[in-house]
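Scroll down for the structure; my scribbles are underneath it.
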Amino acid sequence: QIQLVESGGGVIQPGGSLNLSCTSTGVFQRINTMGWWRQAPGKERESVAQITAAGSTQYADSVKGRFTISRDRAKIAAYLQMISLKPEGTAVYYCSATGHSHTYWGPGTQVTVSS
């Protein structure tokens, strides 16, 4: 069992940059895919970026070229670098970690893009 916690959210002006971190506590286990998701008010949660244990990445079309996901395979941790942020990027951002048979979620961190 692991617990995830996100950090790095905040209020940023359009065009700005923000770096999110996802760290974990609990018993270490093999994690296949880690990901970042977001949920805006009144909308469903959507995948932003995913990274496999081998380092393969996948991004939502809306963030390609602006967001970069990375992970630390020595520990269960993932990061999301976000540049050129847009107002539509305002959402709660969640981290996920998928193991053999279970997906863990963090409580989320709020990102608000507003002038």
Quick one: Debye curve from the C-alpha atoms of the chain, no solvent, what's log10 I(q)/I(0) at q = 0.23, 0.24 Å⁻¹? -1.32, -1.42
For G16, distant residues with modelled amide H under 5 Å away: L85
At R0 = 30 Å the Cβ-Cβ FRET efficiency linking S56 and S114, nearest 0.05, sits at 0.35
Residue-span extension gain [T103 to Q81] - 0.36 nm each, minus C-alpha spacing: 5.7 nm
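Quick note: the coordinates plus some simple rules give every number you see, no bench work behind them. Every value quoted in this text rests on a predicted model; they were computed, and no experiment measured them. Glycine gets a Cβ as well: all are built from the backbone with ideal geometry, and neighbour counts include every protein chain shown.
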